[in-house]
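What follows is one structure encoded as structure tokens, with my remarks underneath.
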Amino acid sequence: MEKKTLVIGVIGADVHAVGNQILYHAFTDAGFNVINLGVMVSQEEFISAAIETNADAILVSSLYGQGELDCRGMREKCDEAGLDNILLYVGGNIVIGKQPFEEVEQRFKAMGFDRSFPPGTPPEVDIECLKEDLHIQ
Amino acid sequence: MNPVLLIDFGSTYTKVTAVDTDEAKLLGTASSYTTVQTDINNGLNSAIAKLEMMTGHIEYRERYAASSAAGGLRMLASGLVPELTAEAAKCASLGAGAKVLKTYAFELNEDDANEIRKIDPDIFLLVGGTDGGNSKCILHNAKVLAEIGGDFPIVIAGNRNAVRECERILAGREVHICENVMPKFGVLNIAPAQQVIREVFLKKIVRAKGLTEASELISGIMMPTPSAVMAAMKLLAEGTEKQSGIGELIAVDVGGATTDIYSVSDGMPDDPRTMMKGLPEPYIKRTVEGDIGMRYSIRGIVDSAGIKTIAELAGLTVERTEELIERFAEHTDLLPDSDETKALDEALACMAVRIAVTRHAGRIEETYNMCGTAYVQTGKNLMNIDRIVITGGSLIHTEHTEHIASFALYDEKDPTSLKPKKASVLVDRKYIIAAMGLLSEHYPEAAFTIMKEELVNNVIAK
């Protein structure tokens, strides 16, 4: 079947490049067509890349604690850009301090992110979720 | 002796340049008014007659021509996202030597359709979507173009999964399909589209613009004048098989209606840790500022630089500057004839150079994060370029070319703009660059030697 296209990157002023590379390789090996935008990616760059490549999902990473601020309004911008119902994931150290992840997940859900992943999530978990959400056998 | 004639059909002048390729020598140059509306041969013949008054009669073995007559190669382009495929489309068209009247992004609407019909371009470049990516937009735009009618050729260089469908939608139209200008996300692939644009230009446009009468006399390579300039700049920078080039450079051409900037440079950051953002830049990049020119676009210079700055630079009062600018805007053929108008023209040229080079050059931003300072570069880094080539009527005849060219340099008041730190200036006094670009197709060694003789020997050390 046709490869599903993912847009990945590290949002905001964040320069953590290692995890981003690991995800790139893991997703590519899992059979996805991966558009890796690297680090310091703005919401607009994620969205523009998803439009041109007709992406199936946008996966946002954030490791420096500012993720919540950086992700605010992203779903609305996707809607505005015509990326109707595109799958939105977020993962990493997405908030500051030790907060119960259930609460964090709820907040990101309210912001329109379909799934959130806590620190230390192995890529296999994301891949399983992607397969489920994108109906890949 | 192997005499070759190079012809440049301009919008107001036909310029001829005679060279001997065996000796790699410039024999002479001359120019005359272009008369493309009536018969292009009149302008050409009178230019040749003028030339022969200097050189005596010459039997030319070969004749080559470039043209920017009748508005040049007028193009429109459409892409998807403004900063991505629409920008790539613009980049491809400019690099093919076209005059890009407008670039559309996203789906064309009714107003766009009416505008396109009215503009009736020489070529329309239709792109959008990476290969396997979005196809909705390009298909929609193909439908709009089909409904517009007209007979302008359409070059399709978008998502490869959609181009054949576009061709079917545009059945009955002249359509040329080539590789995607952005096959993968963030990868710029503009050479194939440029090649096709050039072929269409040769086949159709040259004929339509009344250049066929002259073309009997011409042995080959008709190209848009800006393409010839690009070829010349590439040759000068890179050199030939036998001679080494002068290295990376920028070229500045301030005209009456537009200001063109060319850079031959990879434009990479000095510090390898600097991050690059945005579309990759072509090695030979051409930008055209449609709002910056010495006469037709004089208002654009004022809007961008401010009347006070121009007045100050010219040493005139704001009121007097306004008056003179008004006069220049109305009488576009006016040449500076007094100290006042000379000073104003010079100030305008300085600002035109600064604005256009600043728009052409990339920028670097400093950002702070938890890991310390990070640098992000967008566009080309031109800081290490140490040669500026000056061409175009408005600059090559002024007395203070060096002063004007210095406005292309790095400016402490605008520290994020990556303009050259210091450079020597090469002035195209005899206006031969486009001719040498033409010559370089068959005689690169001669073209390079002549350029080095005529340009490099005019080095004004800064």
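The values are calculated or read from the model by the stated rules, or taken from the named source; none is laboratory data. Just so it is clear, the structure is predicted and the values come from calculations on it, not from any experiment. Here the Cβ is made from the backbone with ideal geometry for all residues, glycine too, and neighbour counts use every protein chain on show.
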In region A:5-32, which residues are part of a loop (DSSP other than H, G, I, E, B) and either within 11 Å of chain B (Cβ to nearest Cβ) or of a type outside the set (Phe, Trp, Tyr) (or both)? A:12, A:13, A:14, A:15, A:16, A:17, A:30, A:31
Single condition residue B:168 does not satisfy, out of (1) free of Cβ contacts under 8 Å to residues at least 12 places away in the same chain; (2) under 22 Å from residue B:201 (Cα atoms); (3) not acidic (Asp, Glu): (2)
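Taking the stated definitions as given, is residue B:251 modelled with pLDDT of 95 or more and more than 30 Å from residue A:45 (Cβ to Cβ)? Before the answer, list the steps.
Working: modelled with pLDDT of 95 or more: yes; more than 30 Å from residue A:45 (Cβ to Cβ): yes.
Yes; evaluated as a whole, the condition is true for this residue.
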Within region B:105-141, the residues that are closer than 17 Å to residue B:177 by Cβ and either touching a strand residue (DSSP E or B) at 6+ places or on another chain (Cβ under 6 Å) or not assigned by TED's automatic domain parsing to the domain that holds residue B:80 (or both) are B:123, B:124, B:125, B:126, B:141
May I ask you to list pairs of residues, at least six apart or on different chains, whose Cβ atoms are under 9 Å apart, with the first in region B:131-151 being farther than 15 Å from residue B:161 by Cα and more than 9 Å from chain A (Cβ to nearest Cβ) and the second being among the basic types (Lys, Arg) and assigned to a helix (DSSP H, G or I)? B:148/B:117; B:149/B:117; B:150/B:117
With the structure loaded, tell me whether residue A:5 is modelled with pLDDT of 95 or more and either surrounded by fewer than 18 Cβ atoms within 10 Å (Cβ to Cβ) or not polar (S, T, N, Q) (or both) or whether it fails that test. no
Every residue in region A:43-57 that is surrounded by fewer than 23 Cβ atoms within 10 Å (Cβ to Cβ) and of a type in the set (D, E, K, R), please. A:44, A:45, A:56
Of the residues in region A:71-97, those that are in contact with a Gly (Cβ under 6 Å, 6 or more places away or on another chain), within 13 Å of chain B (Cβ to nearest Cβ) and assigned to a helix (DSSP H, G or I) number 0
On the given criteria, is residue A:93 within 22 Å of residue A:36 (Cα to Cα) and in contact with a Pro (Cβ under 6 Å, 6 or more places away or on another chain)? yes
Can you tell me which condition residue A:96 does not meet? The list is (1) closer than 18 Å to residue A:130 by Cα; (2) over 13 Å from the mean Cα position of the chain (by Cα), and all the others hold. (1)
Residues to consider are B:281, B:289; find the one that is over 18 Å from residue B:432 (Cβ atoms) and within 13 Å of the chain's Cα centre (by Cα). B:289
Applying the selection to region A:26-55, what residues are touching a Lys or Arg at 6+ places or on another chain (Cβ under 9 Å) and charged (D, E, K, R)? A:44, A:45
Give the residue that is farthest from the chain's Cα centre (by Cα), with candidates limited to residues of region B:408-450 that are part of a loop (DSSP other than H, G, I, E, B) and polar (S, T, N, Q). B:416
Return yes or no: is residue A:62 touching a helix residue (DSSP H, G or I) at 6+ places or on another chain (Cβ under 7 Å) and either within 14 Å of chain B (Cβ to nearest Cβ) or modelled with pLDDT of 95 or more (or both)? yes
Options A:52, A:45, A:2, A:68: the member that is at the interface with another protein chain (Cβ under 9 Å from one of its Cβ atoms) and within 14 Å of the chain's Cα centre (by Cα): A:45
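Within region B:262-292, how many residues are touching a strand residue (DSSP E or B) at 6+ places or on another chain (Cβ under 6 Å) and either surrounded by 17 or more Cβ atoms within 10 Å (Cβ to Cβ) or without any contact (Cβ under 8 Å) to a residue 12 or more places away in the chain (or both)?
Filtering region B:262-292 for residues touching a strand residue (DSSP E or B) at 6+ places or on another chain (Cβ under 6 Å) gives B:262-264, B:269, B:274-278, B:284-289, B:292.
Subsequent filtering for residues that are either surrounded by 17 or more Cβ atoms within 10 Å (Cβ to Cβ) or without any contact (Cβ under 8 Å) to a residue 12 or more places away in the chain (or both) retains B:262-264, B:269, B:275-277, B:285-289, B:292.
Qualifying residue count for the region: 13.
For region B:11-125, which helices (runs of 4 or more DSSP H) that fit wholly inside it have 1 or more residues that are of a type in the set (A, V, I, L, M) and within 14 Å of chain A (Cβ to nearest Cβ)?
Values: elements: B:40-55, B:87-95, B:110-119.
Result: B:87-95.
I'd like to know if region B:100-118 contains one or more residues that are closer than 30 Å to residue A:55 by Cβ, among the basic types (Lys, Arg) and at pLDDT 90 or above.
Kept after step one, since they are closer than 30 Å to residue A:55 by Cβ, are these residues of region B:100-118: B:100, B:102-113, B:116.
Imposing the further condition that a residue be among the basic types (Lys, Arg) reduces the set to B:102.
Subset that is at pLDDT 90 or above: B:102.
Checked against the condition, which is being closer than 30 Å to residue A:55 by Cβ, among the basic types (Lys, Arg) and at pLDDT 90 or above, region B:100-118 yields at least one hit.
Does region A:82-92 contain any residue that is among the β-branched types (Val, Ile, Thr), under 27 Å from residue B:372 (Cα atoms) and at pLDDT below 95?
Narrowing region A:82-92 to residues among the β-branched types (Val, Ile, Thr): A:86, A:90.
Narrowing the set further to residues that are under 27 Å from residue B:372 (Cα atoms) leaves A:90.
Then drop every residue that is not at pLDDT below 95, which leaves none.
No, because not a single residue in region A:82-92 is among the β-branched types (Val, Ile, Thr), under 27 Å from residue B:372 (Cα atoms) and at pLDDT below 95.
So for region B:175-186 (the condition being farther than 28 Å from residue A:4 by Cα, assigned by TED's automatic domain parsing to the domain that holds residue B:88 and at pLDDT 95 or above), does at least one residue qualify? Talk me through it step by step, then tell me what you get.
The first filter runs over region B:175-186 and keeps only residues farther than 28 Å from residue A:4 by Cα, leaving B:175-176.
Going one step further and asking which of them are assigned by TED's automatic domain parsing to the domain that holds residue B:88, we end up with B:175-176.
If we keep only those that are at pLDDT 95 or above too, we end up with B:175-176.
So far as region B:175-186 goes, yes, one or more of its residues are farther than 28 Å from residue A:4 by Cα, assigned by TED's automatic domain parsing to the domain that holds residue B:88 and at pLDDT 95 or above.
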Go through region A:58-92 and give me each residue that's surrounded by fewer than 16 Cβ atoms within 10 Å (Cβ to Cβ) and in contact (Cβ under 8 Å) with a residue 60 or more places away in the chain. none
Given the structure, is residue B:159 away from chain A (no Cβ under 14 Å) and more than 30 Å from residue B:441 (Cα to Cα)? no
Considering (1) buried (at least 20 other Cβ atoms within 10 Å of the Cβ); (2) closer than 19 Å to residue B:143 by Cβ, say which one residue B:115 fails and leave the rest. (1)
